[in-house]
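**Q** Sharing a structure here in structure tokens format.
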Amino acid sequence: MRRLLWLLPLPACAPPSDAACDEGPVRAAALEGIALEQPCAIEIAAPTRLLVTTTDFATGAVAVVDLATATVTRDVAAATTDSIPAWHDGAALLLNRYQYDSVTVLDPDRGFALAGEHAVAAACSDAPNPQAVVFDPDGHGWVTQLDVPTLAPLSLASDDDAREPIDLRAVPDADGNPDAGLAFACGPLGFVAVQRLDPSYGRVGPDELVAVDLVGGQVLDRDPDRAGAQGLPAAGAWLRQLRADPTDAHGHTVLALSTGIERFALDAGTVSWAVAPERFAAVALGGPRQLQAFDVDDTGTLAYVAAYAEDFSAVSLWRVGLDDAAPQQPERFADGFDSVEHTLELVDQRLWYGSTRRDAPGLWQFDVAGAVPEPLGDPLSTGLPPYSMVAIP
């Protein structure tokens, strides 16, 4: 049963509610084109560390990896069994998901000591299930919730936050909840990935990136001629992870892992394939949710992907060229792993991958400078097995 839970998109431990939060009128504003003035905050530039949540599914902890020395400081803080790490403005964040429903703040200047704990609550659900957090230019946080159709306000300074949640019910969805997950901000404009799932996590509608005015507090509609607030439809299914496209110096283009690797050009409002699903299907990676995590090199021409086998019995590591660069067909370079969440990060010429494989759990390193990625010794212990990780300054 645990294996099944690990395979859920944007993992959670219970299906989303059928009941929408029906509180007042649904509001949305027309999106008159997109003129992004600030780069999108998707990942940290020039990271020096990895922030890793770890768990054996009975308890959880946090580890920190120094990228320069390849050393791990284990158990710097407590975590839950379903915590994913994030970073904002010098603070480490843990999004504690289903049934934990909170955001933990850690202070890296004090050895990642606890600096705050903020509940994520909703009147219409006892398990809103926070998934991601974005911040507007004034430092106000907004948390996506898988089980509630709103962005919850988050103030890292205090729990006394008088802002109202941002209502997402304008986004069309059969049960009134568009199942918000991944998110990022480009200045005052946020983008939220919606999935449209049924109570058993079956996909019942297209994935989209929906624009949200974080300052004005409402969803933006890119097609007023259609009912509801329309987002930018994904080319594939199951948006799993987002990365900045390094080929866009303005920072307004996003690469997304779904059934392939797709490119969202936010300025132009277009979506195209960087690696089409057919290329993954040709090497038996064409099933729903098989592609688990990815990263791209600094030139934006080569991607590294962690992917499940067809029967989800193990995870292998692959590399593939973007936009017809070599190798055009995905090439497997390591296998026999397992992982639950996003535990793959490429920094300079070193690929880091966290595996939960029972006979050798820990953080693996690969030198990717040569023609073939080469493993660098045995995995580094993270204490408890790695669960999720993010690159930080």
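**Q** Take the residues in the range 258-295 that are outside any strand (DSSP E or B) and closer than 16 Å to residue 195 by Cβ, then tell me which one is modelled with the lowest pLDDT.
**A** The qualifying residue modelled with the lowest pLDDT is 288.
**Q** Please determine, by comparing only the residues of the range 30-65 that are small (Gly, Ala, Ser) and at pLDDT below 70, which one is farthest from residue 225 (Cα to Cα).
**A** 33
**Q** For the range 250-267, does any single residue satisfy the condition of being touching a strand residue (DSSP E or B) at 6+ places or on another chain (Cβ under 6 Å), among the charged types (D, E, K, R) and surrounded by fewer than 23 Cβ atoms within 10 Å (Cβ to Cβ)?
**A** yes
**Q** Look through 348, 295, 324 and report the one residue that is of a type in the set (Asp, Glu) and closer than 26 Å to residue 181 by Cα.
**A** When all the criteria are applied, what remains is 295.
**Q** Going residue by residue through the range 143-151, is there one that turns out to be in contact with a Cys (Cβ under 9 Å, 6 or more places away or on another chain) and hydrophobic (A, V, I, L, M, F, W, C)?
**A** Looking for residues that are in contact with a Cys (Cβ under 9 Å, 6 or more places away or on another chain) and hydrophobic (A, V, I, L, M, F, W, C), one finds at least one in the range 143-151, hence yes.
**Q** Suppose we filter 222, 226, 196 for residues that are among the basic types (Lys, Arg) and either touching a Cys at 6+ places or on another chain (Cβ under 9 Å) or within 16 Å of residue 36 (Cα to Cα) (or both); which single one remains?
**A** Selected residue: 222, the only one of 222, 226, 196 that is among the basic types (Lys, Arg) and either touching a Cys at 6+ places or on another chain (Cβ under 9 Å) or within 16 Å of residue 36 (Cα to Cα) (or both).
**Q** Further, regarding this structure: Which residue pairs have Cβ atoms under 6 Å apart, sit 6 or more places apart or on different chains, and have a first residue in the range 252-278 that is at negative phi and a second that is at pLDDT below 95 and of a type in the set (Gly, Ala, Ser)?
**A** 258/237; 259/237
**Q** Can you work out which of the residues in the range 199-212 that are out of contact with any Leu (no Cβ under 9 Å at 6 or more places or on another chain) and within 14 Å of residue 238 (Cβ to Cβ) is surrounded by the most Cβ atoms within 10 Å (Cβ to Cβ)?
**A** 206
**Q** At least 3 residues that are at pLDDT 95 or above, under 24 Å from the mean Cα position of the chain (by Cα) and under 19 Å from residue 69 (Cβ atoms) in each: list the strands (runs of 3 or more DSSP E) lying fully within the range 325-393 that qualify.
**A** Per the criteria, 344-347, 350-355, 362-367, 386-392.
**Q** Still on this structure, I have one more. Look through the range 43-70, keep the residues that are over 22 Å from residue 100 (Cβ atoms), among the small types (Gly, Ala, Ser) and more than 18 Å from the chain's Cα centre (by Cα), and return whichever of them is surrounded by the most Cβ atoms within 10 Å (Cβ to Cβ).
**A** Taking the candidates together, the pick is 70.
**Q** Related question: Among the numbered conditions (1) under 18 Å from residue 185 (Cα atoms); (2) in a loop (DSSP other than H, G, I, E, B); (3) of a type outside the set (Val, Ile, Thr), tell me where residue 255 comes up short.
**A** It fails just one condition, (2).
**Q** Kindly check whether there is at least one residue in the range 301-311 that is under 22 Å from the mean Cα position of the chain (by Cα), within 25 Å of residue 361 (Cα to Cα), modelled with pLDDT under 95 and outside any strand (DSSP E or B).
**A** No, that holds for no residue.
**Q** I would also like to ask the following. Need the failing condition index for residue 239 against (1) in a loop (DSSP other than H, G, I, E, B); (2) surrounded by fewer than 21 Cβ atoms within 10 Å (Cβ to Cβ), just the number.
**A** Looking at each condition in turn, residue 239 falls short on (2).
**Q** Next up: For residues that are crowded, with 20+ Cβ neighbours inside 10 Å and farther than 16 Å from residue 282 by Cα, tally how many sit in the range 307-321.
**A** Adding up the residues that qualify gives 1.
The values are calculated or read from the model by the stated rules, or taken from the named source; none is laboratory data. No experiment lies behind these values; they were computed from the predicted model shown. Note that each Cβ is placed from the backbone with ideal geometry, even for glycine, and that neighbours are counted across all protein chains shown.
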